[in-house]
Every structure is written in C-alpha cells, then in structure tokens.
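All of the numbers you see were taken from the coordinates with simple rules; none came from a lab. Not measured: the values here are computed from a predicted model. Backbone-built Cβ (ideal geometry, glycine too); neighbour counts: all protein chains shown.
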Amino acid sequence: MFMVILFIDKISQCEIAESKELDAPELFSEISCSEIGMFIIKVIKSIKKSCILPTYIMVDINFIVIEVMGRMDKTKILVVDDAFFMRKYLGNTLNSLGYSNVEFAENGYEAVEKAKEMQPHVVTLDVSMPGMDGIEAIEKILKVSTGSKIIMVSAVTSERVIHQAMKNGAVDYIPKPFSRKDVEKSLKKYVNTAV
C-alpha cells in the first residue's frame, strides 16, 4: 500500500506533507505521477468544499490507481492510418500505456464515419492517405465529433503541413518514427481535458 498524507489549510492551499511507500503495487509503475496528482487534486477540490478547519487526508494509492486505470479504459481513441502495420503498432503502443478502448480506420472517409459513431476522446491521424488525406479529415471529424482531440501522427514534417493541421483543429503533431514516450507525452497533455 502507498499512503499519501495531504494537508489542506484554511485558505485553500494544499501540499503533500508526507508520503511513505509501504508496498506499492506493480501497476503503480505504469501510472505517471502527473496522472495520480491530477486525480488527487480533483478529490481534494471536492472535499475542500465542506472543509472549514485545516484537515489531514490520507489517500490510498491503490484506490487512486484503480480510478486512473478506469479513466484510461473509458478513454475512446480512434487510430487512423492507411498502413496496417502502423495501425497495429500504434494500437499496441496505446494498449501498453493502459488504453484499451481503441478502434481503427484506414482512411479519412472511414475516420469521419467512425468518429460520428463512437465520439472518440482522441483521434490519432496520419497525413498521407488515399482518398481523403488527414489535413482534410481534421475539420470533417471535428464537425461530427466536436469534443475530439486530434493528434497528427505522420512522417510528413514540413512546417507548412504542420501549420495547416493546427489551423484546421489538430492539437498536437507526433513525427514518425515515434516512440512509446512520444505517444504517452502527447496523451498526457490532452486526455485529461478530453475525458
């Protein structure tokens, strides 16, 4: 068990006063401190509404890990790429990060239809695809799924293309070849605001 002792003072300031690792679960190594921190802050904000005097709160990290993983399971991600091996590779990367609710599309037209149907929190989108390319697909996806965060994942790295993607509504751009860390870093920035 990993216990975090939190202190909330009278003027709505909170600090981690003490933390002790007693028997941290293996799963904890897969969860980032920022994700746990965001969840703790969310819990504290709801508790502080009823707090008048300084209060000590003990939070069981096992509970937090379950909640964080539950949120990751609920995060709907649509992977769009015309290359099967890239869809498979990105899908496996997302699964390894704890995201299990992942669907796939192989071109812009299919992506728009899938986005309309599943309302994904996040869409990873290639640029170069036959029929409707990624740049054109961005606006069409956002019309049918307004809450989606679109992250471009492409080997096309020209400043003009990146600028156009952002102008059309993409929130991030991951160049290929990418690492697990690249994907994790981008998702951390946008999953909390998307879910």
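Tabulated data for the structure shown
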read-out	value
Ascending count of other beta-carbon atoms within 10 Å, so fewest first, for 159, 110	159, 110
Residue-by-residue Karplus 3J(HN,Hα) for region 95-109, coefficients 6.51, -1.76, 1.60, Hz, glycine and proline x	4, 5, 8, x, 8, 9, 8, 10, 10, 10, 9, 9, 7, x, 4
Simple spin-label estimate for residue 179 and residue 159 in nanometres, 7 Å along Cα-Cβ	2.6
Residue 143 versus residue 83: modelled label distance in nm, points set 7 Å from Cα along the beta carbon direction	3.0
Violating pairs (Cα-Cα greater than 25 angstrom) within the set 74/176; 88/149; 140/167; 74/189; 74/188; 116/181	74/176; 116/181
Counting all C-alpha pairs of region 67-195, share separated by more than 27 Å (%)	7
Net charge of neighbours whose Cβ lies under 12 Å from the Cβ of residue 145, counting Lys and Arg as +1 and Asp and Glu as -1	+3
